[in-house]
Amino acid sequence: MAKKMTMADIAELSGVGKSTVSRYFNGGYIKDETRAKISKVIEQYNYTPNTFARLNARQSHMIGVVVPTLNSKITSRVITSIDRYLRDKGYTTLIQNSDHDIDQELQNIQRLIQLNVDGILISSIAITKDHRELLHKAGIPVVVLTQDYEDGISIIYDDYHAGRMMGEYIGKNGHKKVGYIGVYETDRAVGIERRRGVLEGLKEYGIEEPVVGKSDYSFIGGQKVAREILEEQPDIDAIICATDRLAFGAYKVLQENGKRIPQDVSVAAFGGYDESSLLTPELTTLKFDSYGMGYLGAETVLKRIQKEPVSKKQIVGYEFLEGKSVRKLGV
């Protein structure tokens, strides 16, 4: 078996020092003529550097990304956008999945710090005291996505106003008996702020006491809470869901109970998943700019690495997608 080429070999073949080759791979300054020599050797020998061999460099040119799950359409969009931006800037993305477990999330952050990443983007489940202590001691730039991080830099969705817009939409279309499938308060952005917006939007139209249930983010959870809502309010005329996946569960339960959408029960949600347009009827939903979230996050963490000024908080917008799942009653 042929000997695997090393950075020392590249240096010898290029006629330069090993430190110069290291600067080449880590984005440091070298003369154009020298860079061309190294590039020629790399191309000739089809050399791919071992990413983890660069960890002892002053900059690893790696960015850690911590996400709550890998099976979410929203998370997938965010990760895709982050990775595209960072790759274009010569950085490698290291992704850690927390599986909606706060302890696992903290371990993932600690692991990335130990791997000497240049910065961390964390799409957080929640910001706890332990998070604050760990991030304060990290010693590298950290940008928090989706949760408002008062002690540092954050990029968030406008959950409150999005929720209020959806609540008002259901209210102004004449619905009176409304259910809401939310998520647990451990996720402050969705579990508290989005729900608060929905309830205050409904209140504007005299809907004071909607039937409110809580779930995890799963399809099964959406079904469970939808059944509970129907048991408590059999003549419910609208259900708002905190995510499209929860709405998928609501669709299934309503159909099983002979409820037509939207003739008997309207359904609306948040997410704007591609699959939502394939439902019958097409789901009315609100789509956050997840690609924008990823782009802003990646741009911001690189600016912080370069010690450029950044905004303490940035808010990502949303788009209303009116499907055919909401009936306009008495309008």
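Before moving on, here are some points about what is shown:
- Residues satisfying the stated conditions in region 60-82, i.e. open to solvent by 10 Å² or more (accessible area, probe 1.4 Å) and either within 9 Å of the chain's Cα centre (by Cα) or touching a residue at least 60 places away in the same chain (Cβ under 8 Å) (or both): P68, T69, S72, K73, I74, T75, S76, R77, V78, I79, T80, S81
- Unique residue being under 20 Å from G294 (Cβ atoms) and without any contact (Cβ under 8 Å) to a residue 60 or more places away in the chain when the list is S154, S124: S124
- Tally, over region 248-259, of residues that are over 15 Å from S215 (Cβ atoms) and either assigned to a helix (DSSP H, G or I) or modelled with pLDDT under 95 (or both): 3
- Cβ-Cβ under 7 Å pairs, at least 6 apart or on other chains, region 265-278 side on the phi > 0 side of the Ramachandran plot, far side part of a loop (DSSP other than H, G, I, E, B): G271/T243
- Any chance I192 is out of contact with any helix residue (DSSP H, G or I) (no Cβ under 8 Å at 6 or more places or on another chain), of a type outside the set (G, A, S) and within 30 Å of E209 (Cα to Cα): yes
- When the residues of region 1-49 are filtered to those that are part of a loop (DSSP other than H, G, I, E, B), open to solvent by 40 Å² or more (accessible area, probe 1.4 Å) and modelled with pLDDT under 75, the one that is nearest to Q59 (Cα to Cα) is G27.
- In region 198-247, of all residues being of a type in the set (G, A, S) and assigned to a loop (DSSP other than H, G, I, E, B), the one that is least open to solvent (accessible area, probe 1.4 Å) corresponds to A242.
- Every condition in (1) modelled with pLDDT under 95; (2) more than 22 Å from Q147 (Cβ to Cβ); (3) surrounded by 17 or more Cβ atoms within 10 Å (Cβ to Cβ) holds for S290 except the one numbered (2).
- Residue within region 305-325 that is in contact with a Pro (Cβ under 7 Å, 6 or more places away or on another chain) and modelled with pLDDT under 95 present: yes
- Verdict on G317 being open to solvent by 10 Å² or more (accessible area, probe 1.4 Å), within 18 Å of I79 (Cα to Cα) and not aliphatic (A, V, I, L, M): yes
The values are calculated or read from the model by the stated rules, or taken from the named source; none is laboratory data. These numbers come from a predicted model, not from an experiment. With ideal geometry, Cβ positions are generated from the backbone for all residues, glycine too; neighbour counts draw on all protein chains shown. Just so you know, the surface numbers come from the protein's heavy atoms only, side chains and all, with ligands and any DNA or RNA stripped out. Shrake-Rupley method; radii C 1.70, N 1.55, O 1.52, S 1.80 Å.
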